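Remarks on the structure that follows.
What follows is calculated from the coordinates using simple rules that are stated; it is not laboratory data. If you're wondering where the values come from, they're calculated on a predicted model, not measured in any experiment. So basically every Cβ, Gly included, is an ideal-geometry build from the backbone, and we count neighbours across all protein chains shown.
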Amino acid sequence: MTGSIPTIDLSLLESPEGHAAASRDVLHAMEHVGFLAIKNIPGYDERRLLEAAKWFFDSPLEDKLKIGKRRFNPKQPNIYKGYFPCQPAANESKTTSYKEGLDIGIDVPAELQHQLPPWPLKHLYEPNLLPQADTPESVAFSKTLSDHLAVVQRASHAIMSVLAVGLGLPSDYFLPLFEPLPLSTLRLIHYPYRPPAAADTSAEAAATEGEPVLHCSEHTDSGFLTILATFDFKGLQILTGDGRWVDVPPRPDVLVVNIGDTLAKLSGGRFKATRHRVVDLRQERYSVPFFYEPRYDVDISKPFTHRPLQAEGEASPKSHGGSPPRTLLAVPRMSDHLLAHPQKTPPFPHLPSEWYGVWLLGKIKEFVEYGDVLETVETESDGSCELPPAAMMADA
Ligand SMILES: O=C(O)CCC(=O)C(=O)O
Ligand SMILES: [Fe+2]
């Protein structure tokens, strides 16, 4: 069934013909499947990434907790980035999330600190927490993560540029939605081996109703794209249009790409944010998703355009350049419209609800590992009402 997930060979992007062919394939995959695979990814070192993940998760829990989010380590100020331990029965609902993980994002350079958003969005840009750099192993670990982050960021740019060209837009059309402060997250995940007797009750209850035991319940991702390393681990499944769960078998040196809610929404529903889940095959499992996410102040309240971006069968553009169709120029960013129409609904009345960052804070409370984020920010005393500096308000 993975035959239905198209594979894009990134090495083909070097030639104009390859780029055009990839554009067609990416558009088709995004419209019909919501998932694709990429191969020949420059710089991707699967073995090194897996070894790094194993090294980190094999270390003692007390060491991992040193870089834990505040909920797990009160000495740490972070609530968004950092390590979270496995929480078997953390969620009373049917949602299962049997995993531990480490979240890292971009490190905001000193010269951009003044562009950080106000509370509570500033939490989304917390400094990374990484193991103390006092051993060669921990230095190598941090280097592996930053190298992989660069690899998947480049791959994300490549896919977005292929997509833009497929839509008849300049190849760097989407870049201003991300720069200079993308909210992207790289997450290392370890799903521990879970013997049947130790499985949490919600997962077992679901299984007895004929559903498989899950490591991670069905969901959609939040951002634009997810670029996922599954190494040689099975378990990932996607939901097809006709309601069947199908496996995404792992393939060596291939990364899985899927669309998140934001790109699906901004495309006016043309691209699919496909539901997916991870089945517990009664074995330990590792994965490394990269969630490619825009700046906090991107306006996600309306699609790129009010009509479908490009009707099926419409001629695809032949070149990367040229003027984009006029109706596509309404790329949502923090705009005069938002300033003129302040948001109507809380949770953060001093911020426009149309902002990606505001929506993200609301969405992540669905996930066990972030369950407390909203409560934490709501109980913080710093409810300052400043808006971001003028530089961030202007169109980039
Ligand atoms: O572990 C996997 O293969 C998928 C994880 C996933 O879907 C997610 O973290 O959003
Ligand atoms: Fe996901």
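Provide the FRET efficiency to the nearest 0.05 for the residue 113-residue 62 pair, computing r from the beta carbons and using R0 = 25 Å.
On the way: r = 32 Å, r/R0 = 1.27.
Rounded to the nearest 0.05, the efficiency is 0.20.
The modelled label-to-label distance for the pair residue 39/residue 134, using points 7 Å beyond Cα in the direction of Cβ, is 4.6 nm. The Cα atoms of the stretch 14-149 define a convex hull whose projected area, averaged across directions, is 12.9 nm². Here the stretch 29-89 is treated as a Stokes sphere of Kirkwood radius computed over C-alpha pairs; at 37 °C and 0.692 mPa s its diffusion coefficient rounds to 224 µm²/s.
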